[in-house]
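Single-structure report; data block below.
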């Protein structure tokens, strides 16, 4: 039987405690060696299906507030509002532009530039010589524009037409003459011109003649 002195017993106890502590530390380190570290800050996930609100006004069928998906284009919002009216100037708005929350999207009406309208000089009826009559069609009724004789400036005076559509009317008339030998035969043929739909035609049908 072995007998240890008190000093030897204390040293032996300390040695055993150190061995136990070292074994525990080695076990903890091995058990956590493959565990991934957690980041302290975590980015919040991006919101899905974010919605924005846009005020649509002007020449659209149903003006008002519309809630659409973020990233929508001006064309999408105008379509949600019932589409553009016949008097809308679609060239004044970038239809491919992305709309943002709280935006007011205003679709203006077509307007003829003021500098394109020239006042006719006064005519001195006293010195005017009578013009010889020809076999052409009878003069247009007062206040009406003859589609087969009017130029761009005269057609420009029609409501909602302007210089762009006036040029299209003249070009279409010349094409009819080249293909059929005559110009307009019905005023309804105006609706065959791009941009002149039923709404615009309704505004001018009582102002034109053949």
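Throughout, read-outs are computed from the coordinates displayed, never taken from laboratory work. The shown structure was predicted, so the numbers you read here are calculated from the model rather than taken from an experiment. Backbone-built Cβ (ideal geometry, glycine too); neighbour counts: all protein chains shown.
Can you give me the distance in nm between label points at residue 207 and residue 21, each placed 7 Å from the Cα along the Cα-to-Cβ direction?
About 10.1 nm, to one decimal.
Expressed in nm to one decimal, what extension gain is obtained for the pair residue 5 and residue 62 from 0.36 nm per residue of sequence separation less their Cα-Cα distance?
Value of the extension gain: 10.2 nm.
If R₀ is 25 angstrom, what is the calculated FRET efficiency for the pair residue 94 and residue 69, using the beta carbon separation as r and rounding to 0.05?
The computed FRET efficiency comes out at 0.85.
Where the eigenvalues come from the Cα gyration tensor of the range 51-107, what are the semi-axes √(5λ) of the equivalent ellipsoid, largest first, in whole Å?
Computed over the range 51-107, the values are 17, 12, 9 Å.
Which order, highest average first, do 169-179, 83-93, 7-17 follow once you tally other Cβ atoms within 10 Å for each residue and take the mean per peptide?
Ranking the peptides 169-179, 83-93, 7-17 by packing returns 83-93, 169-179, 7-17.
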